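First comes the structure, then the notes that go with it.
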Amino acid sequence: MTTTPAQNASDSSRDPKALYGGTSSRRITVRDIAAAKARGEKWPMLTAYDAMTASVFDEAGIPVLLVGDSMGNCHLGYESTVPVTMDEIAVLSAAVVRGTKRALIVADLPFGSYQEGPVQALRSATRLIKETGASAVKLEGGERSAEQIKLLVDAGIPVMAHIGLTPQSVNAFGGYPVQGRGEEAAQQLLRDAKAVQDAGAFSVVLELVPAELAAEVTRTLHIPTVGIGAGSECDAQVLVWTDMAGMTPGRVPRFVKQYAQLREVLGGAARAFAEDVVDGAYPAPEHAFH
């Protein structure tokens, strides 16, 4: 019997139920996420927007994949996440679900799909869960989104919250500034974190938050915190996969660590193919049918 990379990552010192490196082949659930917090396990999360990339991350043992509205920037060519539509999220979320077997798939609720209130949020979230097969949804906002979160959770839809820098509010923020600096801002972020927990969110993303504040939030909450530009004390860490793998052109945010340079690799492969075609080296006899 062959083993998956996730299984290879495990050993006798690790819990077989671990999110990363565990041996279970079933879909990860929000109960598994809660259990990881209880035993102090840190875990990774990546974005994914298509079946093939999602299958790679799933085989690598990444336990949670987010079909984020970051697709607007890195997949659909928009300048921000704001233009992303429900139709776009639905199509790509379904593709990610089809490409995976183990990961918990979280689908983003895009801008304009839940801001009107709880009823709109429930309608949008229900569509994503029914049409895509995703196991949970994510929405932005703390206290201002607590009623939406509560109604979704009461209806049986797991919710990942998102506070701190919320990219859908880029026009209100006037950019992408760090959130929670100063006593008043820090207290508001703590109130937001407690509000989404009390509303029933199973986890909360902390984006662009001072590390000390994110650590305090993580200690305060009983649900996992997922950091992105929020220091090392969060329960989990998430990156946009194109940033992580070196596909994003130009400057990347300070908090990003690039683990490969796939843009260079892919560009090199394309140039090698083009040169073979121009030189007549491709297709060779072994690539032809007779």
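Scan region 243-266 and tell me whether some residue there is aromatic (Phe, Trp, Tyr) and surrounded by 22 or more Cβ atoms within 10 Å (Cβ to Cβ). Spell out how you get there, then give the answer.
To start, the set of residues in region 243-266 that are aromatic (Phe, Trp, Tyr) comprises 255, 259.
Restricting the remaining residues to those that are surrounded by 22 or more Cβ atoms within 10 Å (Cβ to Cβ) gives none.
No - not one qualifying residue is present in region 243-266.
Applying the selection to region 29-67, what residues are among the aliphatic types (A, V, I, L, M), touching a residue at least 40 places away in the same chain (Cβ under 8 Å) and surrounded by fewer than 21 Cβ atoms within 10 Å (Cβ to Cβ)? Reasoning before the result, please.
Narrowing region 29-67 to residues among the aliphatic types (A, V, I, L, M): 30, 33-36, 38, 45-46, 48, 51-52, 54, 56, 60, 62, 64-67.
Okay, now just the ones that are also touching a residue at least 40 places away in the same chain (Cβ under 8 Å), so 30, 33-34, 36, 45-46, 48, 51-52, 54, 60, 62, 64-67.
Answer for region 29-67, where residues must be among the aliphatic types (A, V, I, L, M), touching a residue at least 40 places away in the same chain (Cβ under 8 Å) and surrounded by fewer than 21 Cβ atoms within 10 Å (Cβ to Cβ): VAL30, ALA34, ALA51, MET52, ALA60.
Being free of Cβ contacts under 8 Å to residues at least 12 places away in the same chain, loosely packed, with under 13 Cβ neighbours inside 10 Å and part of a loop (DSSP other than H, G, I, E, B) is true for just one of PHE273, PHE289. Which residue is that? Step through it out loud before you land on a result.
Working: PHE273 fails: part of a loop (DSSP other than H, G, I, E, B).
Residue meeting the stated conditions: PHE289.
Name every residue in region 135-159 that is more than 19 Å from PRO224 (Cα to Cα) and either in contact (Cβ under 8 Å) with a residue 12 or more places away in the chain or of a type in the set (Val, Ile, Thr) (or both), in order of residue number.
Passing the criteria: GLU147, GLN148, LEU151, ASP154, ALA155.
Name every residue in region 236-247 that is part of a loop (DSSP other than H, G, I, E, B) and in contact (Cβ under 8 Å) with a residue 24 or more places away in the chain, in order of residue number.
Of region 236-247, the ones part of a loop (DSSP other than H, G, I, E, B) are 240, 245-247.
Within region 236-247, VAL240, MET247 meet the criteria.
Residues in region 90-99: is at least one assigned to a loop (DSSP other than H, G, I, E, B) and either crowded, with 20+ Cβ neighbours inside 10 Å or modelled with pLDDT under 95 (or both)?
So in region 90-99, the residues assigned to a loop (DSSP other than H, G, I, E, B) come out as 99.
Among the residues that remain, those that are also either crowded, with 20+ Cβ neighbours inside 10 Å or modelled with pLDDT under 95 (or both) are: 99.
Yes, the conditions are met somewhere in region 90-99.
Among all residue pairs at least 6 apart or on different chains, which show Cβ distances below 6 Å where the first residue, located in region 179-198, is within 14 Å of ALA230 (Cβ to Cβ) and the second is in a helix (DSSP H, G or I)?
Cβ pairs passing all conditions: GLY180/ALA186; GLY180/LEU189; GLY180/LEU213; ALA186/LEU213; ASP192/GLU143; ALA193/VAL217.
Do we have any residue at all in region 24-35 that's modelled with pLDDT under 95, in a helix (DSSP H, G or I) and out of contact with any His (no Cβ under 7 Å at 6 or more places or on another chain)?
Applying the first criterion (modelled with pLDDT under 95) to region 24-35 yields 24-26.
From what is left, the residues that are in a helix (DSSP H, G or I) are none.
Within region 24-35, not a single residue is modelled with pLDDT under 95, in a helix (DSSP H, G or I) and out of contact with any His (no Cβ under 7 Å at 6 or more places or on another chain).
State yes or no: is VAL84 touching a helix residue (DSSP H, G or I) at 6+ places or on another chain (Cβ under 8 Å), buried (at least 22 other Cβ atoms within 10 Å of the Cβ) and not in a loop (DSSP other than H, G, I, E, B)?
No; evaluated as a whole, the condition is false for this residue.
For region 173-197, how many residues meet the condition of being loosely packed, with under 15 Cβ neighbours inside 10 Å, at pLDDT 95 or above and acidic (Asp, Glu)?
0
Determine whether GLY250 is free of Cβ contacts under 8 Å to residues at least 12 places away in the same chain and more than 26 Å from the chain's Cα centre (by Cα). Let's see the steps before the verdict.
Details: free of Cβ contacts under 8 Å to residues at least 12 places away in the same chain: yes; more than 26 Å from the chain's Cα centre (by Cα): no.
So GLY250 does not fit the description; no.
The values are calculated or read from the model by the stated rules, or taken from the named source; none is laboratory data. These figures come from a predicted structure and were not determined experimentally. Cβ: placed from backbone, ideal geometry, glycine included. Neighbour counts: every protein chain shown.
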